[in-house]
1. Mind ranking 46-52, 185-191 by how tightly packed they are, going by the mean number of other C-beta atoms within 10 angstrom, highest first?
2. Give me the net charge of D150's neighbourhood, meaning all other residues with Cβ under 15 Å from the Cβ of D150; Lys, Arg count +1, Asp, Glu -1.
3. Testing the spin-label approximation: label points 7 Å from Cα along Cα→Cβ at A140 and E46. State their distance in nm.
4. Any chance you could tell me what percent of the C-alpha pair distances in region 115-228 go past 21 Å?
5. How much length would be gained if the chain were fully extended between Q341 and S219, taking 0.36 nm per residue of separation minus their Cα-Cα distance, in nm to one decimal?
6. Measuring from centroid to centroid over Cα atoms, what is the spacing of region 89-111 and region 33-67 in Å?
7. Could you work out how much longer the chain between D183 and A348 gets when fully extended? Use 0.36 nm per residue separation minus the Cα distance between them, nm to one decimal.
8. Once you have the Cα-Cα distance between K212 and F356, take 0.36 nm times their residue separation minus that, and quote the gain in nm to one decimal.
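Nothing in this text is a laboratory measurement; each read-out follows from the coordinates by a stated rule. Owing to the predicted nature of the structure, the values given are computational and were not obtained by experimental measurement. Here the Cβ positions follow ideal geometry from the backbone for every residue, glycine too, while neighbour counts run over all protein chains shown.
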Amino acid sequence: MGLLNKLKNEFIDIVEWLDPTNDTIVHRFERYQNEIKMGAKLTVRESQVAVFINEGQIADVFQPGMYTLQTQNMPILSTLKGWVHGFNSPFKAEVYFVNTKKFLDNKWGTPNPVMLRDPEFGPIRIRAFGVYEFRVSDAATFIRDVVGTDGDFTTEQVTNQLRNIIVTRFTDAVGEAKIPVLDMASNYNEFSDKVAGVIIEEYKQYGLNMTKFLVSNISLPPNVEEALDKRSSMGIIGNMNQYTQFQAANAMEAAATNPGGGGASEGMGMGMGFAMAGSMMNAMNQGMNPNQQQQGPPPMPQAAAFFAVVNGQQSGPFDVNGLRQMVTAGSLTKETLVWKQGMPSWMAAGQVQELFSIFGATPPPVPPPPPVPGT
C-alpha cells in the first residue's frame, strides 16, 4: 500500500483543494513525503489562498489563479532552498489552503447574566444574544498564530475564542452606555457598531476580519419578564370597572351556553348568574360615575338651628322644638331677634316664615270680664 501511494503521488502534477464542507478554514494538501514536482499546476480558486511552508517556515503565498510552479513564481521558497540557477527536480514543501470566504451565522451569547444598575428597576441582570460574520484577511498570520500544524482547522476551533472576545467587549459597552433596560431595544444598532469597532482591531491580531456583528436580543430573567408583563397588562386594561363589566358579561354568556348538568347545577348556575348580574350592574353604575360610592339611603336632613337674643345676650343654637318651648315659657316672643345660617341679618321671630307655626299655637290674651249691669 505504501508503494502504491508513493507511485501515485509521484505522478501528481496538480495541486488544488475543493472544499466539501462549510466550516473548514484551513486544509493541508496531503501527498507522499510532501514532494511536489517542479512545473506542477497549482490551482487556487476564488475565496482561497495557498500558503507554502518550508521546514516550518512560511514561504510564498499564492492568491486566486492557476500557476505553474517554477522558481520564478516561488521567490521566497527559491531563496530558502538556494535555487539560484533554477531547479527542476521535485521539492518538499507543505501546502496549506486557507478559505477566505465569509463564515456566516456564527452565534454568540452571554454564558452568564450581566449585572447592571438600571435607573428604573435598580440592580438587574440581563442576557444578550446575536450573530457575527468573519473571514481570514491575513492567511500567513492566521496560520502562524492560530492554526499551527493542524491539517484541518474548522470554525469550531476558533469561535470559542472569538465569542469570549465578543462577550467581554459587549459587557463593557453596555455598562458604559448606561441605557435603561426598556430602551435597549431601540439601541441595538448602536451597541452593534460600538462593539464591532473594538472587535475589528482585536481580530486583526489573529489575521481575521470581522465583517458583521449584530445584537439580536437582550432579555431579562423570566421572573422579571413575568412581572413586567403583568405591569403591561394592567396598563392595557386601563379602566378596571369596564374590565369587570366585560368579564362578568363573558362569564354570564359561558354559563348560559354550558350544556352540562341540570337540577342543582342549573340552580347554582342561576344563582351565579344573578350574583354576576348584580356585580355587573354595580360595576356599570360605578363605570358611569366613577366618583360615586356604593348606593345607600340618603342622610337625614338636619334641623334648622336658630340663635336668639335673650335678656340682651346671644343664646342657642335652638331647633324649632326648642324655640316652641321658649314661646310657651314666655322667654321668646314675636319681637325677639333670631338668626340662622343663610339669613342676611338678625330679624324679629314673628317675621321669619319658618317660625310662624310656633306662634300660631299661642292662645290670645284673656279678654276682660264683661261689666256688671247697674254698676
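1. Numbers: 46-52: 19.6, 185-191: 13.7.
Peptide ranking by packing, descending: 46-52, 185-191.
2. -4
3. Each label point lies 7 Å from its Cα, and together they span 2.6 nm.
4. Numbers: 2848 of 6441 pairs.
Within region 115-228, distances greater than 21 Å cover 44 percent of Cα pairs.
5. 37.2 nm
6. Taking the Cα centre of region 33-67 as reference, the centre of region 89-111 is 15 Å away.
7. 51.8 nm
8. Details: separation 144, 0.36 × 144 = 51.84 nm, distance 9.87 nm.
Between K212 and F356, full extension yields 42.0 nm more.
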